[in-house]
Amino acid sequence: MKLSSTVLLAAAACATALSLPSCSDSKSAATTESNEAPTSGLTASAATPVSDKAAASATAPDPASIPASRIADAATITARPQVPILCYHQIRDWRPRDSKGAKDYIVPVEQFKKQIQMLADSGYHTILPDQLYAYLATGAPLPEKPIMLTFDDTDLDQFTVARPELEKHGFKAVYFVMTVSLGRPRYMSREQVKQLSDEGNVIGSHTWDHHNVKKYQGNDWVTQIEKPTKTLEEITGKDIKYFAYPFGLWNPEAIPQLRERGMAAAFILSEKRDQQDPLYTIRRIIASGYWSPRTLHNSIEQSF
């Protein structure tokens, strides 16, 4: 059973003290269960796994280096088993003023640690976007039980809390950065974003100020995509090749604009992938603050 998403509840889900646009994304359903972690390993979702654990951190080819003749058609890509991808926002303890909806996007610190521990205990290996792209586009092998961890919106706790917890388990992640917030209180600095990149994580684009892609007109593509991408490339010294849609919302008109600006793939949330452009509508689910390790396990199995 797929998890549902409710865009209407998303608007207030990730409120912060800054006067920024809402940083929430489409809502995935959450349930409350026991904090007991699953006792058995999770079932791998991706096909053709590589048993060598070292493959989890293997260097995949740059998407731009893959000949067009080797890239599968949309039907073949869509037919490949989906890799679980989790989306996190804030990692902090709940506060009295946090709304019920916002708590889906705010994972308490101890709950986050338990979720990550469950993934490690269950034998998951984190992969990065180049590996995912090579798998989807060419059928390249993946490590056993692959999973991708992603973080949206540039919140400081992703660096101060999530980063050391992932390092403890040898996990890498993707950080989709909203550049308007860089250096502001409770958000990451440019130096911290560079450090994440230097440490082997991937930095992706999440627009300038989280403006809904479906509403872009005229120069919005430059303001929201082109300029932020250049900013992130200047910070990291690397090409920025991956994009996450604010709120998980997209439209067909966005895809050629993203291609033109060097994006190899783009990520939505729990809605269905587009049958014509699956590489630009790769699915993720939000890891809810309400979810115990067991609930997270069940949601991964049900959603991918």
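Rule-based calculations on the coordinates, nothing more; no lab input. Everything quoted here is computed from the prediction, not taken from an experiment. Counting neighbours? That spans all protein chains shown, and the Cβs are built from the backbone with ideal geometry, glycine included.
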Sorted by chain and number, the residues with a modelled amide H under 5 Å from that of Ile203, at a separation of 5 or more or across chains, are Tyr175
Have a look at region 84-303 and give its Rg and Dmax from the Cα atoms, expressed in angstrom.
-> 16.5, 49
Integer Hz, Karplus 6.51/-1.76/1.60 couplings in order for region 142-147, x for Gly and Pro | 10, x, 4, 6, x, 8
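Beyond a 20 Å Cα-Cα separation, which of these cross-linked pairs lie in this structure: Lys215/Lys241; Lys172/Lys238; Lys194/Lys227; Lys113/Lys172; Lys113/Lys238? Walk me through the numbers on the way to the answer.
Details: Lys215/Lys241 22 Å; Lys172/Lys238 17 Å; Lys194/Lys227 17 Å; Lys113/Lys172 15 Å; Lys113/Lys238 30 Å.
Checking Cα-Cα distances, Lys215/Lys241; Lys113/Lys238 exceed 20 Å.
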Additional length obtainable on full extension of the chain from Glu191 to Glu253, 0.36 nm per residue less Cα span | 18.9 nm
So, with points 7 Å from each Cα along the Cβ direction, the Glu199-Glu271 label distance in nm works out to 3.3
